[in-house]
Amino acid sequence: GGTGYVVSFAIGALLVTAILWVARFFVELYRSGPDYSTRRALNALPSFYLKVMWKPGCLAGLLWSIGNVASMISVHNLGEGVGYSVTQAAMLCSGLWGIFYFNEVVSRDLKLKWFASAVITVGGILLLSYEHE
C-alpha cells in the first residue's frame, strides 16, 4: 500500500511549505521598495496566530492525517474503483456540513440539485461496490 510513503510525504510537505514561505518573504522584500526593508517584508507576511490556532490546527492536521492513511488503506484493500470512490465520498459529508451547519447554500433549487447529485454519487459508489470481489 501507500502507507510506507506517509513519512516522506510529510517531510516533502514541510520542505515545500518552508520553501514557499521563504519565496514569499523575498517577494515581499522586493515589493518593499528600493530600501529592501527586512522589517517591512516580515510584517507583510501573514500571521500564524499561533496562540489561537495551535490547538485547532494540530487537531485538524491529525484528523487529516488519519483520514489520509485510512484512504490509502481502503484503496489498498478495496481496489482503486471502490476504495477511491469511498474516500471521495467525503465531499458528501463536507457538502452536508456546508448546507446544514454553515448555511452556505440558501437557495432551495441549489439544495435540490446538490441532493440529486449526491444520490447519483452514492448510487455510483454502490454500483462500483457490487463489482468488487
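No lab work stands behind these numbers, since they all come straight from the coordinates. Please read all numbers here as calculations on a predicted model, not as lab measurements. Note that we place each Cβ from the backbone using ideal geometry, even for glycine, and neighbour counts take in every protein chain shown.
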Rounded to the nearest 500, the 222 nm mean residue ellipticity computed for the chain from DSSP H runs (n ≥ 4, each -39500 (n - 2.57)) alone is -24000 deg cm²/dmol
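Given contacts defined as C-alpha pairs under 8 Å and at least six residues apart, what's the relative contact order of the chain, whole-number percent?
21
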For region 69-133, averaging the sequence separation of alpha carbon pairs under 8 Å that lie six or more residues apart and dividing by its residue count, the contact order in percent is 35
Using the Kirkwood formula on alpha carbons, the hydrodynamic radius of region 27-133 in angstrom works out to 17.9
Residue-ordered couplings for region 35-43, obtained by feeding phi - 60° into the Karplus form 6.51 cos²θ - 1.76 cosθ + 1.60 and rounding to whole Hz (Gly and Pro as x), are 7, 6, 6, 5, 4, 5, 5, 5, 5
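Quick one: net charge around ILE99, please, counting Lys, Arg +1 and Asp, Glu -1 for every other residue with C-beta under 15 Å from its C-beta. Walk me through the intermediate numbers first.
On the way: positive: ARG108, LYS111, LYS113; negative: GLU104, ASP109.
Value of the local net charge: +1.
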Of the residues GLY67, THR38, VAL105, the Cα lying farthest along the dipole of the chain towards its positive end, which is defined by charges on the beta carbon of Lys, Arg, Asp and Glu, belongs to THR38
Checked region 71-133 with the C-alpha gyration tensor, a ≥ b ≥ c its square-rooted eigenvalues, rounded below a/c of 1.5, otherwise prolate if a/b is larger than b/c and oblate if not; verdict oblate
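Using a Förster distance of 41 Å, how high is the FRET efficiency between SER47 and PHE115, based on the Cβ-Cβ distance and rounded to 0.05?
Details: r = 39 Å, r/R0 = 0.95.
Given R0 = 41 Å and the Cβ-Cβ separation, E is 0.60.
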Sorted largest first, the C-alpha extents of region 10-68 along its principal axes in whole angstrom are 47, 26, 11
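For region 73-105, state which chymotrypsin sites (Phe, Trp or Tyr not before Pro) are in a DSSP loop and have at most 12 other beta carbons lying within 10 Å of their beta carbon.
On the way: sites: TYR84, TRP97, PHE100, TYR101, PHE102; in loops: PHE102.
In loop regions of region 73-105 (DSSP not H, G, I, E or B), the sparsely surrounded chymotrypsin sites (Phe, Trp or Tyr not before Pro) are PHE102.
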